[in-house]
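Step one of this worksheet: look at the structure below.
Values in this text are rule-based calculations from the coordinates and carry no lab data. Given the structure is predicted, the values throughout are model-derived calculations rather than measurements. When we count neighbours, we look across all protein chains shown, and the Cβ atoms used for this are built from the backbone with ideal geometry, even at glycine.
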Amino acid sequence: RRNVIKKCLSSPSRELLCELDRAGVDLADEIAAATPALSALSQAAMASILLAIHSLGFSILGLDPAAPAKGSAKPLPASALSDLRSQQFAVVPGFLTTEEVGAYREDVAKLRAEGRFKTAGIGETATNRVDNTVRVCEQCFIYPPQRHRGFGDDAARERLYATLDGVRDSLCQLTPLEPLLTEGLYAHYPNGGYYRRHVDAAPNNPSELRAFSYLLYLNDAWEPEHGGCLRIHTDGYGEDAPISAPESYVDVEPRGGTLVVFRSDTMAHEVLNTNAERQAVAGWFNRPVGGSGFRQTLIKGLGAAVALAALGKVAGGDK
Ligand code: OGA
Ligand code: MN
């Protein structure tokens, strides 16, 4: 079995991947075992792992990761782009129609009923842990787009991908972004949920490539007493709240259809305690990476293996 894994990593093929699958090998574990080596790689190398996941892994599986989603892309309003330039965040109420919000809520409900949600952890893959002093939330990763095919409402999710493609295309006017490195998840906060102050992009790990964070709220009957606002800190500090600087923040109500975009590296934010179930699409648009040929070759095999795990062909693979 070790041999098959080795062969698969050096020259992955659909047959080998299927063999591993049949053997019930948890590729996520195998990758985790290789983590000391991986974490020694630079951020660019880690990022090319992600790229390889998409490009190589999916071509092996006969899927096209670069295929544009079917549906209509909506550009960001010009005011959102200028807000991002001047204050590093933008809020666009009513970006989604009520009908879209309803369709995505349905998708969430089905995916939850089908057991596709997991308790959310914090931190990157290698250090990921569930810590309910920081975050109480369930999540379901929705990238790569093939991930939950056959579950939930595929047609609805396809429209969501098209919409997110449009947001990303608009943001490219500010910073170049790599479409294949788009990340996203559905977040379900139970009544009593929260996510304490944090920053989405941290130096020296793959999250470093995140340029913009986005949120799309799916709550159709949100009322102020439900709480659960997104608090965007504008004090200029990171993860740790300043002790002596005055508090400075903007609270965004998580009303269905509202889009929020902010810079991932500078904007600390949190989800205030929610007194009702609270749902959102959350994710990140990443910068492109240039990887050297050597590194690409080194990690392509791993990429394929991770891709398979991410697709749920093999148990595990979730953050
Ligand atoms: C996140 C996050 C905010 C929200 O998932 O990183 O900050 O409003 N979510 O759900
Ligand atoms: Mn966040």
Convex hull volume of the range 74-200 per residue (C-alpha atoms, cubic angstrom): 139
Simple label model, 7 Å out from Cα along Cβ direction - E239 to N132, nm: 2.2
What percent of all Cα-Cα pairs in the range 183-271 falls into each 5 Å bin, going from 0 up to the bin containing the maximum distance? 3, 13, 22, 25, 19, 13, 5, 1, 0
GluC sites (Glu not before Pro), restricted to the range 175-265: which are DSSP loop and have at most 15 other Cβ atoms within 10 Å? E239, E247
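I'd like the projected area of the range 221-284, averaged over all directions, using the convex hull of its alpha carbons. Report it in nm² with one decimal.
4.9
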Put one equal scatterer on each alpha carbon of the range 151-204, apply the Debye formula with no solvent term, and list log10 I(q)/I(0) at q = 0.31 1/Å to two decimals. -1.20
Report the FRET efficiency, 1/(1 + (r/R0)^6), for A221 and V250, where r is their Cβ-Cβ distance and R0 is 30 Å, rounded to 0.05. 0.85
Amide H contacts under 5 Å for N275, placed H, 5+ residues apart: G192, G227, G228
The range 137-292: spread of alpha-carbon positions along the three principal axes, whole Å, largest first, is 44, 39, 25
Linear extension gain, T266 paired with A73, 0.36 nm per residue minus alpha-carbon span: 66.7 nm
